[in-house]
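The values are calculated or read from the model by the stated rules, or taken from the named source; none is laboratory data. Values in this document were obtained by computation on a predicted structure and should not be read as measured data. Glycine gets a Cβ as well: all are built from the backbone with ideal geometry, and neighbour counts include every protein chain shown. Note: accessible area is taken over every heavy atom of the protein model, side chains too, but ligands, DNA and RNA are not part of it. Shrake-Rupley method; radii C 1.70, N 1.55, O 1.52, S 1.80 Å.
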Amino acid sequence: MKPANKTSTMPPFNHLGEYNHRPFLYLLSKIPTVYTTRNHSICTEYWSTIPVGLYEGDEAFRLVDDYYDVVIEKIKDIVSKQSIIYWKHLSRSYKLDTWGEDKQGYTVFNCREFLDACIHTYGKTGLCDKVAYSKKTAIHHVLNGLLLRHEFTDERNFIQRSAPMIVLTRFNALDLNNYFSLCKLVYELWRISAAYRTFGFGGALRVNHDPYRMYWLDRDADEEFLANNFNLRLNKVKTVSSSTGTAFNSSDLEGGFSGMVPVVNIFNQKIHESLIEAYFGVRGVFLRPNHVYNPFSIQNFRTAHLPFNEGFLSKYKFSVDSIYIVMYALMKIFSNHKIGRRDLKGFAHFFNMGYAEPLPKKVVLDESKLILDAIVKDKYWDLSEEQLQSIDFEKAFDFLCIQENRDKRDVRFDGNIEPMFFSDGSDNYMIDYVWLRDNLFHIFNKVKIESEDFKGALLEKYLGISTVFESSSGRCNNKDGEKQIDFAVIVDKILIIAECKAKTQSLAIATGDQKSIQHRIDNVIDLAINQADEKAVFLAENPIGYNYTIAHLDYILPIGVSAFEEYPPSRDLKYWINDYTPRILSASEFQAFVSESRESFQGIYNLIPIKKTMPPVFDNV
């Protein structure tokens, strides 16, 4: 088997890159191309034992479940040999990829999510013999001595002049190939998760022994359209709510307790020259790292989720404010160390890797205590003495560390809190910032509260203040009674009304559980559309009411708005605004639709004509 073609020249060294980027290219030339282009061999090994044919229902689920067991055992075998810190460093050093056929942004994110979940579940704690600190190891030990080659002089100088960092030591082409193998196995996990969703929505499994895939997800034309449409929408997602369905404005930074957090750069965006010039005074430089900054307001998140506080305290025996403060402390530590010191190289390294080099636990706890002191002194938050007593930074720190019995978790399905602190075997901890935001989104998944009625009002608040009707509450009165319109906006001669549903989405939907899927259809999708239709007819039949008038308009378009992207159950026109836009949209999708509709409003279904009538004559009283 012939190795891949070697490149005769190396690209120039990038001083805002990493010490291992060019050495990886050298090692890659030592790996046969068959290992870097095809699916993992485990796919062929398993599915070649399954007879060619179409499998549906429970049988399809069983085959994929068994395949998951095979894949996860192989992943466990690879990951468990090295430390979490090793896998973190290696995976963040390499450019984001799915290592499979599907390269869509959301698939990139899912694969990174699965990869980190596997690393957290099966990796060793502490350090291992393949990773060390740059200031505590000789340069001839880095990358197994590879940096001693003449073409890597810049990398040697880079390490010696940089702040202390984690480096690979006993690492060669076989280790790099082992990482590729892990990534391909993770891609198989993504395929498995896609299969569950397909089966849940009526699709089947077709085993055909295709040498590149071995099995296909069998869907009819309508099912294929629905799946592709949903995936395209996911790639445009702007998350506006936690997994509880509680909406909040994450990017409004005016309320304090906010900052920039790194998120996975699924669309290969760049950190623009203007931001780098503003922060670091350097012109003409941009970055395209593995992670990009995302503005995030802990203050707004906290305010929206206050009803969950008592439930969290009851379950975990400490206040969730402890976690908010620790996470804000992490934001401040990054800002002070990288931006405050105008450390552009450190800034670039941080967004490439998404983690901070190990710090003493005491640094995080001390910063948290300073923040709490400021909160109490300046009365930023209204905290009673009892609430102050329930704040425990030690417990918050432990909550965000590796948990006991972690190898029992099922990595197929999200909703878990991903650890952020990883000990190197001492009291120093690597800090992974990448899941800071997502951990907050999932932090109340296991918390029960008495009433969720408040969430609908928050979703309406996110959409903004509607000025269509006189009543600020959206209540419309006419001779037939009263209806509340959650949100309304006028585009041309069309009144768009939104019926908002902010319901927690069951994690069982990701498993293809058909009862959970049907419950979602009945209690969110159909309910929102039916209620929107009912209110549209109410207004259309009475265009001039006691406290509103829409007689100057021609049509009403009733739409459902959810806290999440919903999967339409069919191509029945009841569920569609036009050929590509469903009638149940997430809040950010709804805003985008209204904005784009101002340019073109053709081919719209489910328009309800507004009755043309003379103004009513009211008797004088």
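Can you order the peptides 321-331, 519-529 by their average number of other Cβ atoms within 10 Å per residue, highest first?
Ranking, from highest mean packing down: 321-331, 519-529.
Counting DSSP beta bridges with both partners in the chain, what percentage is antiparallel, nearest 5?
The antiparallel proportion sits near 75 percent.
Take every Cα pair under 8 Å in region 473-588 that's 6+ residues apart, average their separations, divide by the length, and report that relative contact order as a whole percent.
Over region 473-588, the number comes to 30 percent.
Calculate the dipole size of region 371-450 relative to its Cα centre from +1 charges on Lys and Arg beta carbons and -1 charges on Asp and Glu beta carbons; express the result in debye to the nearest 20.
340 debye
Which of the peptides 135-146, 418-429 is most tightly packed, and how do the rest follow, going by the mean number of other Cβ atoms within 10 Å of each residue?
Listed from highest to lowest mean packing, they are 418-429, 135-146.
Give the shape of region 471-621 as rounded, prolate or oblate, defined through the alpha-carbon gyration tensor: a ≥ b ≥ c are the square roots of its eigenvalues, a/c under 1.5 means rounded, and otherwise the shape is prolate if a/b is larger than b/c and oblate if not.
Note, shape of region 471-621 comes out prolate.
Give the residue from Tyr605, Ala396, Ser562 lying farthest towards the positive end of the charge dipole for the chain; charges sit on Cβ (+1 for Lys and Arg, -1 for Asp and Glu) and the dipole is referred to the Cα centre.
Ala396
For the chain, give the percent of accessible area contributed by carbon and sulfur heavy atoms, probe 1.4 Å, rounded to a whole number.
Carbon and sulfur: 50 percent of the exposed surface of the chain.
Under a point-charge model restricted to the Cβ atoms of Lys and Arg (+1) and Asp and Glu (-1), what is the dipole moment magnitude of region 135-203 relative to its Cα centre, in debye to the nearest 20?
Dipole size: approximately 180 debye.
Below 8 Å between Cα atoms, with a sequence gap of 6+, how large is the relative contact order for region 104-221 in percent?
Taking the mean separation of contacting Cα pairs over the length of region 104-221, I get 23 percent.
Among Gly53, Val71, Ser91, whose Cα lies farthest out toward the positive end of the dipole of region 50-113, if unit charges sit on the beta carbon of Lys, Arg (+1) and Asp, Glu (-1)?
It is Ser91.
How would you rank 566-579, 365-378, 101-114, 487-500, highest first, on the average number of other Cβ atoms within 10 Å across their residues?
Sorting 566-579, 365-378, 101-114, 487-500 by mean packing, highest first, produces 487-500, 101-114, 566-579, 365-378.
Calculate for the chain the 222 nm mean residue ellipticity that helices alone would give, adding -39,500 (n - 2.57) per DSSP H run of length 4 or more and normalising by residue count, nearest 500 deg cm²/dmol.
Taking each H run of at least 4 residues, the total per residue is -12000 deg cm²/dmol.
Just want to confirm a number: the relative contact order over the chain, from Cα pairs under 8 angstrom separated by 6+ residues, in percent.
It comes to 14 percent, rounded to a whole number.
Residues of region 60-199: accessible area per residue at 1.4 Å, in Å²?
Per residue, region 60-199 has an accessible area of 36 Å².
Please get the size of the charge dipole for region 508-579, origin at its Cα centre, with Cβ charges of +1 on Lys and Arg and -1 on Asp and Glu, quoted in debye to the nearest 20.
The calculated dipole for region 508-579 is roughly 100 debye.
Is region 198-332 best put as rounded, prolate or oblate by its Cα gyration tensor, with a ≥ b ≥ c the root eigenvalues, rounded for a/c under 1.5, and otherwise prolate when a/b is larger than b/c, oblate when not?
Oblate, since a/c reaches 1.5 and b/c is not below a/b.
Once you put a point 7 Å from the Cα of Ala592 and another 7 Å from the Cα of Lys238, both along the Cβ direction, what distance in nm separates them?
Output for this residue pair reads 0.9 nm.
Indicate the gyration tensor shape class of region 111-257 (rounded, prolate or oblate), computed on the Cα atoms with a ≥ b ≥ c the square roots of the eigenvalues: a/c under 1.5 is rounded; otherwise a/b larger than b/c is prolate and the rest oblate.
Here region 111-257 falls in the oblate category.
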